[in-house]
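Each value in this text was obtained by applying a stated rule to the coordinates, not by laboratory testing. Please read these numbers as outputs of a predicted model, since none were measured by experiment. Note that each Cβ is placed from the backbone with ideal geometry, even for glycine, and that neighbours are counted across all protein chains shown.
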Amino acid sequence: MKIAALLRGVEIATRPIQPESKTALERRWAQLPDHAKTAGQLLGRAAVGCEGTHGVFPKCNLTCSPCYHSADANKVRIDGAHTIKGVTEQMEYLRSLRGPRAHAQLIGGEVSLLPAEDHAAALLAMRANGREPMSMTHGDFDYQYLLDVVLSPDGKPRFNKVSFAAHFDSMMRGRRGAVRPHSEAELNPFRARFADMFVALKRDHGVRSYIAHNMTVTPANLDQVTEVAQAVLDMPYDMLSFQPAAYIGDDRRWSGGFDAVSIDAVWSRIEAGAGHTIPWQGTQFGDPRCNRTAVTVTAGTRSAALLDPDDPRDLAARDRALAHFGGMIFGSTPTWIVAAKILRALLGHPGDIPHLLSFALRLMRRAGGLRTVASAAWKRRLSFKTFVVHNFMDATDVAPAWALMEQGGASDDPKIKETQERLGACMYTMSHPETGALVPACVQHSVLDAGENIGLRKMLPIRPLTHPPAFTDAAADPARPRTRKS
């Protein structure tokens, strides 16, 4: 009986796609609006999307223009017990609805304000619910803090791999050594220092990492995106992510002209920094008006797109991979199980093998040829870079669009209709187990944050309140959008 149970467990563990994952993906696909159900759509076929926490540590010690958090966020004290409780409840709910595996951001205000033990406990709670956590930070902390998060008190690693995303841009105020930067170039030493901490973490303790560089883009720094991309590509970041500014959050920190920064304008400057085109049309996460994503492979000094959307053979390989491999879980999975999953998938679809081998050969040719790729791999100079633009929406559009969606209604207004389409295809979700709701991040920041942070201010005040907090129009009615400032 024990042998039979063991064999049964191995059979289940090595299934290419777990039944629960398959069910979650099918549910996610069914929820997508028709316009998003394209051949390259990854939601519902390869992933359920990204997830994030909210209301668990809203306070930050830097000021940014713009800031997506509400005016009351910095009036809530950091409390580790509240953070861990909130993270656990939100992740448990996501686990119950969205399956056994997803990428999730530990996000709120500034994650490094959490005591290191509480930060680590929150990451462990996320992992316990099948989430692959990424800590979102401004990066202004020391190596010792990173060690205190990653290592247990006995000096042994709690994790074999960690993920962090650091936000750097010249609209941020209060960074040590760059309190008020006048250009993006002034921040390059800080960008490099942050990345170097994770190189040291691998060298000193064997803990691997995945690190992302985030940057908000406004008219003031749009033309500096090229030099930022060029500089960061020479640093050991795995992802370069850029977010055109939107009128969301604390309206005291808004300025004019955000609408002038388009997703196309940002992408063209990223390509200029990379020195080559970065085609993104082959795959899609959610709505292309919200997200643009592409992966490149670099062998030494040569870079090439992972997928060429102009090559029908690449698209055919993509379609086969999504149909037969989409939903396979590789992260935090033993190597032998990953190998068994791939082998079983190939044995089940042997016709895929020539297409996938042909794709691999084309990719190597784009990256400089077999000899170049092999040499780069041997010298540990073979790397993959992910490029992302997240295009958030304005609160004045999100609030009425969401109100109608909650009532099951659709707007005839072209702008609100577009907003509803984008919200329906959102790939970034936050959970509210207390109400049974899953909401897009734009809804969280545009509609729900203000009221939530007022409640947290009462629950976790930095200092006792002697009178009720002053209510702005938006705070009194979170569904009512703020008036845009020019």
Relative compactness, the chain, computed as alpha-carbon Rg over 2.2 N^0.38 Å: 0.98
Footprinting exposure proxy for SER358, SER96, SER431 (fewest neighbouring C-beta atoms within 10 Å first): SER96, SER358, SER431
Across LYS202/LYS379; LYS59/LYS385; LYS385/LYS415, pairs whose alpha-carbon gap is larger than 22 Å: LYS59/LYS385; LYS385/LYS415
5 Å-binned pair-distance histogram of region 51-162 (Cα, whole percent): 2, 12, 23, 23, 19, 13, 6, 1, 0
Three principal axis lengths of region 1-86 [C-alpha, angstrom, descending]: 57, 43, 18
Sequence-separation-based contact order of region 30-99, relative, with Cα cut under 8 Å and 6+ spacing, percent: 31
Mean-position separation - Cα centroids, region 84-155 and region 312-362, in angstrom: 31
Binned Cα-Cα distance frequencies in region 228-271 - 5 Å width, integer %: 5, 18, 23, 18, 16, 13, 7, 0
All-pairs Cα distance distribution in region 355-444, expressed in whole percent, bin size 10 Å: 14, 30, 14, 13, 22, 7
For region 202-250, projected area of the alpha-carbon convex hull averaged over all directions, nm²: 5.0
Packing-based exposure ordering (other Cβ within 10 Å, fewest first) of ASP140, ASP310, ASP449: ASP310, ASP140, ASP449
Partners for LYS2 among aspartates and glutamates (Cα-Cα distance below 20 Å; same-chain residues under 8 apart left out): GLU11
Sequence-distant lysines (8 or more away, or on other chains) whose Cα lies within less than 24 Å of LYS417: LYS37, LYS485
Positive-end residue, the chain charge dipole about Cα centroid, Cβ charges, pick of GLY327, GLY55, ALA4: ALA4
All aspartates and glutamates inside 12 Å of LYS458 as judged from Cα atoms, apart from same-chain residues fewer than 8 positions distant: ASP72
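Using the 10 angstrom Cβ neighbour count as an exposure proxy, how do LEU346, LEU307, LEU357 rank, fewest first?
Details: LEU346 16, LEU307 22, LEU357 11.
Ordered from fewest to most neighbouring Cβ atoms within 10 Å, LEU346, LEU307, LEU357 come out as LEU357, LEU346, LEU307.
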Whole-Å semi-axes of region 100-187's equivalent ellipsoid (Cα gyration tensor): 27, 16, 10
Furthest towards positive pole of dipole, PRO153, SER70, ALA128, structure part the chain, Cβ charges: PRO153
Selection from GLY409, GLY369, THR435, by position along the positive dipole direction of region 342-446 (Cβ): GLY369
Nearest-20 debye value, the chain charge dipole, Cβ charges on Lys, Arg, Asp, Glu: 1540
